[in-house]
Amino acid sequence: MTTLIFAGGEIPDYSFVDTEADFVICADRGIVHAQKLGIAPDILTGDLDSYTGKITSCGKIYKAVPEKDDTDTMLAVKLALENGANSIRLYGATGGRFDHTFANIQTLIYVYEHSCIMSIHDKDNVITIQGAGTGFYPKYSDWYFSVFSLTEELHIKKMTGVKYSLENYVLKQNFPLGVSNEIVSTAIITIEKGLALIVRSRR
């Protein structure tokens with residue numbers, strides 16, 4: 001099941017947003033994005049401290065107290081997992097405060113560890129995670145393709161379909177060798193061990 005989550009970050013242009021989903025969740029001010037797109041979310045969650053407008057056309061509301069361990073986005077993610085999500089697209093999660101952006105990167109790891117794949121989207125970036133196994137990434141014209149190690153070491157058996165290929169290479173967490181590569185056909189990455197952050201960025 002594909003779940004769409006709107007966080008409260010700015011989305012100045014909605015042209016890139018893919019609204020097709022089986023389930024929609026808004027995290028606090030993320031309800032603004034759903035309203036602008038004419039979407040009635042299945043769930044609204046968060047402490048609702050950053051949204052003061054009228055809530056209309058919404059399914060269930062799970063209001064949290066401000067003094068909580070989870071971010072509003074993490075609350076939305078946990079509800080998505082509880083409702084059977086195996087794929088999550090997250091919008092409104094980058095830009096603005098960097099601490100929020102970094103928290104959402106960490107949330108990618110949480111989702112991966114719960115046997116689900118999540119991708120973060122904004123107008124210029126698509127961000128996701130890959131663990132052991134083989135991943136396929138189609139070419140986006142005029143986009144960069146970067147691979148970073150989220151673990152101390154990332155053991156890449158082979159990376160092909162890119163301008164700078166790799167074979168039997170250990171990518172280190174403390175050195176950004178994998179930044180600004182380019183996909184020439186379909187990028188195929190086979191990872192033996194470790195966790196990779198995959199970032200596709202518009203030129």
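Observations on the model:
- Where a label projected 7 Å from the Cα of residue 193 along Cα→Cβ would reach, residues of segment 104-138 with amide N under 16 Å: 131-133
- The calculated 222 nm mean residue ellipticity attributable to helices in the chain amounts to -5000 deg cm²/dmol, summing -39500 (n - 2.57) over DSSP H runs of n ≥ 4 and dividing by all residues.
- Averaged per residue, segment 95-202 has 54 square angstrom of accessible surface, using a 1.4 angstrom probe with ligands and nucleic acids left out.
- Three semi-axes describe the equivalent ellipsoid of segment 154-203; taken as square roots of 5 times the Cα gyration tensor eigenvalues and ordered largest first, they are 17, 14, 9 Å.
- Placing one equal scatterer on every Cα of segment 89-203 and applying the Debye formula, the log10 ratio I(q)/I(0) at q = 0.11, 0.24 Å⁻¹ is -0.33, -1.54.
- Using alpha-carbon coordinates, inclination of helix 72-82 to the longest axis of the chain, degrees: 80 degrees
- In segment 1-97, the inverse of the mean reciprocal separation of distinct Cα atoms equals 13.2 Å; this is its Kirkwood hydrodynamic radius.
- Of the residues 4, 44, 180, the one whose Cα sits farthest toward the positive end of the charge dipole of the chain, with +1 on the Cβ of Lys and Arg and -1 on the Cβ of Asp and Glu, is 180.
- Extending 7 Å from the Cα toward the beta-carbon at both residue 165 and residue 98 defines two label points whose distance is 3.6 nm.
- The magnitude of the dipole of the chain, with charges of +1 and -1 set on the Cβ of Lys/Arg and Asp/Glu and taken from the Cα centre, is near 460 debye.
- FRET E, pair residue 16, residue 184, Förster distance 35 Å, beta-carbon r, rounded to 0.05: 0.90
- FRET efficiency for residue 37 and residue 113, using Cβ-Cβ distance with R0 set to 41 Å, rounded to 0.05: 0.85
- Rounded to 10°, Cα long-axis angle of helix 98-113 versus longest principal axis of the chain: 70 degrees
- The value obtained for the chain, namely the Cα convex hull volume divided by the number of residues, is 122 Å³ per residue.
- When the chain is described by a simple charge dipole with +1 on each Lys and Arg Cβ and -1 on each Asp and Glu Cβ, the residue from 75, 55, 170 located farthest towards its positive end is 170.
- Count, lysine Cα pairs under 28 Å in the chain, 8 or more residues apart or across chains: 29
- The charge dipole of segment 1-60, taken about its Cα centre with unit charges on the Cβ of Lys, Arg, Asp and Glu (plus for the first two, minus for the last two), comes to roughly 240 debye.
- Relative counts (whole %) of C-alpha pair distances in segment 45-122, using bins that are 5 Å wide: 3, 13, 24, 24, 22, 12, 2, 0
The values are calculated or read from the model by the stated rules, or taken from the named source; none is laboratory data. Please read these numbers as outputs of a predicted model, since none were measured by experiment. All Cβ positions, glycine included, derive from the backbone under ideal geometry; neighbour counts span all protein chains shown. Calculation scope for accessible area: heavy atoms of the full protein, side chains included, ligands and nucleic acids excluded. Shrake-Rupley method; radii C 1.70, N 1.55, O 1.52, S 1.80 Å.
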